[in-house]
Amino acid sequence: MIMTRTLALPLLLPLAACASAPDAPALPQSQERFWQALSSHCGNAYEGSLASSDERDADWAGKQMIAHWADCSDTRVAVAFHVADAQAPGGWNRSRTWVVTRTSDGLRLKHDHRHEDGSVDAVTQYGGDTLSAGTARVQDFPVDAFSIALFEREGLEASLTNVWRVEVDRANDSGARFAYQLTRRNDPTRLFRVEFDASDPVAAPPAAWGWE
């Protein structure tokens with residue numbers, strides 16, 4: 001994740017089937033199990049909060065957060081990330097969505113950032129691809145070449161070594177959790193992490209900006 005000029009977030013489209021289909025790209029066993037765990041939450045929404053204590057994220061502390069599995073298909077799961085914000089329309093910033101896709105080489109994480117009118121942010125579609133099989137619960141996504149070029153163009157040099165992590169338990173697991181975090185290879189002090197109680201669904205929020 002990256003702090004853009006507009007604190008971005010989620011989305012919502014017609015909900016489709018979440019299980020992988022026979023024609024979906026094959027994955028290593030650990031990634032297939034991760035995909036099934038991620039997909040098991042399709043349609044659900046969960047409350048969460050900031051779990052890290054980096055001073056650079058002080059503005060996020062104490063804010064209500066919701067992760068909503070708003071759009072699922074055989075090859076894509078989009079999780080809208082809503083953050084309570086008194087300055088945003090309706091008291092919520094709905095500009096940021098995490099999109100995980102099955103590819104022929106593994107899994108890909110991208111960040112879809114929108115403004116309230118649905119237009120794309122200058123910093124959007126950044127992320128990375130898995131470089132290892134990971135585990136059934138945890139997958140890491142090192143920054144890709146497209147994102148590095150984007151960050152350089154936008155003067156975001158601090159983000160050139162970003163590594164994003166997604167952690168997820170199956171929806172029916174006792175005490176299921178979902179987490180998203182950001183670290184940087186060139187800065188061992190950098191940690192942004194949000195965690196959600198994925199065992200207790202809440203009411204789905206409105207659609208993310210641009211995903212109506």
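The values are calculated or read from the model by the stated rules, or taken from the named source; none is laboratory data. Keep in mind that what you see is a predicted model, and the values were worked out from it rather than measured. When the accessible area is computed, the model is the full protein with side chains, heavy atoms only, and any ligands, DNA or RNA have been set aside. Shrake-Rupley method; radii C 1.70, N 1.55, O 1.52, S 1.80 Å.
Before rounding to the nearest 500, sum -39500 (n - 2.57) across all DSSP H runs of length at least 4 in the chain and divide by the residue total; then give [θ] at 222 nm in deg cm²/dmol. Show your work: numbers first, answer last.
Details: 2 runs with 20 residues, N = 212.
After summing the helix terms and dividing by the residues of the chain, the value is -3000 deg cm²/dmol.
Take the alpha carbon gyration tensor of the chain, find the square roots of its eigenvalues, order them as a ≥ b ≥ c, and report rounded if a/c is under 1.5; if not, report prolate when a/b exceeds b/c, else oblate.
On the way: a/c = 1.37, a/b = 1.12, b/c = 1.22.
Rounded shape, in that the Cα axes give a/c under 1.5.
What accessible area per residue comes out for the chain, rounded to a whole number of Å², with a 1.4 Å probe?
Details: 9160 Å² over 212 residues.
Dividing the accessible area of the chain by its residue count gives 43 Å².
Each residue of region 159-165 in order: what ³J(HN,Hα) in whole Hz does its phi give by Karplus 6.51 cos²θ - 1.76 cosθ + 1.60, θ = phi - 60°, with x for Gly and Pro?
Per residue, the Karplus-derived 3J(HN,Hα) values read 8, 5, 10, 4, 10, 9, 10 Hz.
Can you list residues from other chains, or at least 5 along the same chain, whose modelled amide H is less than 5 Å from the amide H of Leu27?
none
Please say if region 118-212 is rounded, prolate or oblate, where rounded means a/c under 1.5 for a ≥ b ≥ c the square roots of the C-alpha gyration tensor eigenvalues, and otherwise the choice is prolate for a/b larger than b/c and oblate otherwise? Kindly include the intermediate steps, with their values, before the conclusion.
Values: a/c = 2.26, a/b = 1.33, b/c = 1.70.
Verdict is oblate for region 118-212.
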